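The values are calculated or read from the model by the stated rules, or taken from the named source; none is laboratory data. Here the structure is a predicted model, which means the values were calculated and not measured. Here the Cβ positions follow ideal geometry from the backbone for every residue, glycine too, while neighbour counts run over all protein chains shown.
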Amino acid sequence: MHAAGMIRGQQGLQHFDQPPPNMRQPEEVLIRVKEVGLDGTDHGIVSRGTPDIMEDADRMVLGHEVVGVVQQVGAEVTSLSPGDAVALTVRRGCGICHPCLHNQSDMCMTGLFTERGIHQLDGFLTEYVVDQEQYAVRIPPELTRLAVFTEPLSIVEKAIDQIRIIQSRLPWTCPHPEHSFQSREWGGCKTALVVGAGPLGLLGAALIRLSTARTFVADILPDDSARARLVRKLGAHYIDARGKAAEDIIAACDTQAAGLNLILEASGAAETAVRLIPHMSRSSIYVMTGIPRGELAMQLDAGELVRQVVRYNQVVVGSVNSNRTHFEKALGDLGEVNSRFDGLLNDMITHRFSLDDCHKAFELTASGRIKSIIEVDPWD
Ligand SMILES: [Zn+2]
């Protein structure tokens, strides 16, 4: 069986053969991989060349955004049948902490979790995979062709969930307080800034745009770039942040005197991420999802920063990974995101490769790609 990933001691994505997986437990399912999406994490693993391989293994299959079709189910599987399309969650809990024991391994307290295709466990850039029923989320038939976006959308669903939970501290900002968790008009968000117009930034902006919030999206690409065009397709405003300091980005947001209620950081640009904090408005929330690489020393006025965060009741929160409930929310929003924004998800796919050619996806420049899809077994 063909697979692609990293081999210890070798640079770049490698192709290799490995035996097909066997079902060993009655709660497992065998899945034919259909499509795998690539993201910045995959590109980072390949470019850094230091994959996080299990200690007793010499290789790790890459890929963590997957849609596949169930081939076979174990005797104790009740919610899935052969022929069902499924997306698989990524993180496998530590088995020790309360969150992991209650289906919230995205909030693991020990850090002893593993992640398929990222952290010690084989991923999905291969032909067949076996996993437990609890990690396989059934895809409604009408969504199978969009379902490769379930995992990335689940990441921003979790981030938005965090915002809703935290900003429920402002119950008067919601038109129907009793429905504050269902309402699109959450947390009193009138003006939002999304930093980064990569897949997560675009999907985050799309979820924000399902509300009526005015949304600005900043990235270091020109106004006529594909990403800027997709931002405008969302009804959001694009800011070309090349050469701009944080205060210039804020100045480019027409906040109509009310200030920014929400900042969603999805670029991993550490200095910009921190320099935006002083521009938060009262009771606002700032969610960071981008993970910077390397070290960055910078000077800032810590006294002013702490004074501001305290006096203005501000929240800066990090959000990583997602759990099954966020996958289910993503499936609830996938169709609407694509139809309301006129084929946004289809337009985000800039490249498609076969499994044999998937190494070519890693030769693309960051500015030339948005989302690459590896068609392991193309849909009919
Ligand atoms: Zn845990």
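Between GLU65, GLU27, the distinction of being more than 30 Å from GLY268 (Cα to Cα) and touching a helix residue (DSSP H, G or I) at 6+ places or on another chain (Cβ under 7 Å) belongs to GLU27 only.
Screening VAL46, VAL69 for residues that are more than 18 Å from SER322 (Cβ to Cβ), away from the ligand (no atom under 16 Å from the Cβ) and over 20 Å from the mean Cα position of the chain (by Cα) leaves exactly one candidate, VAL69. In segment 248-276, the residues that are within 25 Å of SER154 (Cα to Cα) form Cβ pairs under 8 Å with partners that are surrounded by fewer than 16 Cβ atoms within 10 Å (Cβ to Cβ) and basic (Lys, Arg), at six or more places apart or across chains, as follows: GLY268/ARG293. Applying a threshold of 7 Å to beta carbon distances and a minimum spacing of six or more residues, or different chains, the list of pairs starting in segment 207-227 at a residue that is under 21 Å from CYS189 (Cα atoms) and ending at one that is in a helix (DSSP H, G or I) and among the hydrophobic types (A, V, I, L, M, F, W, C) reads LEU207/VAL156; LEU207/ILE160; THR215/ALA205; THR215/ILE208; VAL217/ALA205; VAL217/VAL231; ALA218/ILE249. Just one of the numbered conditions (1) of a type in the set (Asp, Glu); (2) touching a residue at least 12 places away in the same chain (Cβ under 8 Å); (3) surrounded by fewer than 16 Cβ atoms within 10 Å (Cβ to Cβ) is not true of ASP240: (3). Check segment 146-155 and report whether any residue there is closer than 30 Å to ARG282 by Cβ and more than 16 Å from the ligand (Cβ to nearest atom). Yes, that holds for at least one residue.
If the condition is being in contact with a Ser or Thr (Cβ under 7 Å, 6 or more places away or on another chain) and aliphatic (A, V, I, L, M), then segment 140-168 contributes ILE155, ALA159. For segment 277-336, a residue qualifies if it is under 13 Å from the mean Cα position of the chain (by Cα) and of a type in the set (Phe, Trp, Tyr), and exactly one does: PHE327. The single condition among (1) in contact (Cβ under 8 Å) with a residue 12 or more places away in the chain; (2) over 19 Å from VAL90 (Cβ atoms) that LEU334 does not satisfy is (2).
The set of residues in segment 40-77 that are among the charged types (D, E, K, R) and either closer than 24 Å to LEU334 by Cβ or in contact with a Lys or Arg (Cβ under 7 Å, 6 or more places away or on another chain) (or both) comprises ASP42, ASP58, ARG59, GLU65.
Among all residues of segment 278-292, there is at least one that is assigned to a helix (DSSP H, G or I) and over 30 Å from ASN103 (Cα atoms).
This table checks each residue for (1) of a type in the set (Gly, Ala, Ser); (2) crowded, with 22+ Cβ neighbours inside 10 Å.
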site	(1), (2)
GLN71	no, no
GLY74	yes, no
VAL86	no, yes
GLU133	no, no
VAL137	no, yes
ALA159	yes, yes
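If you go through segment 73-98 and keep only what is near the ligand (Cβ under 10 Å from one of its atoms) and either free of Cβ contacts under 8 Å to residues at least 40 places away in the same chain or assigned to a loop (DSSP other than H, G, I, E, B) (or both), you end up with GLY93, CYS94, GLY95, ILE96, CYS97, HIS98.
Of the residues making up segment 279-296, at least one is basic (Lys, Arg) and touching a Phe, Trp or Tyr at 6+ places or on another chain (Cβ under 6 Å).
Can ARG164 be described as part of a helix (DSSP H, G or I), surrounded by fewer than 22 Cβ atoms within 10 Å (Cβ to Cβ) and away from the ligand (no atom under 16 Å from the Cβ)? Yes, satisfied. Scanning segment 25-52 for residues that are more than 17 Å from GLY368 (Cβ to Cβ) and either of a type in the set (A, V, I, L, M) or not assigned by TED's automatic domain parsing to the domain that holds CYS358 (or both), we see that the one that is surrounded by the most Cβ atoms within 10 Å (Cβ to Cβ) is VAL36.
Inside segment 103-125, can you point out the residues that are more than 10 Å from the ligand (Cβ to nearest atom) and in a loop (DSSP other than H, G, I, E, B)? Correct list: ASN103, GLY117, ILE118, ASP122, GLY123, PHE124, LEU125. Checking each residue in segment 299-319 for being surrounded by 10 or more Cβ atoms within 10 Å (Cβ to Cβ) and assigned to a loop (DSSP other than H, G, I, E, B) picks out LEU300, ASP301, TYR312, ASN313, GLN314, SER319.
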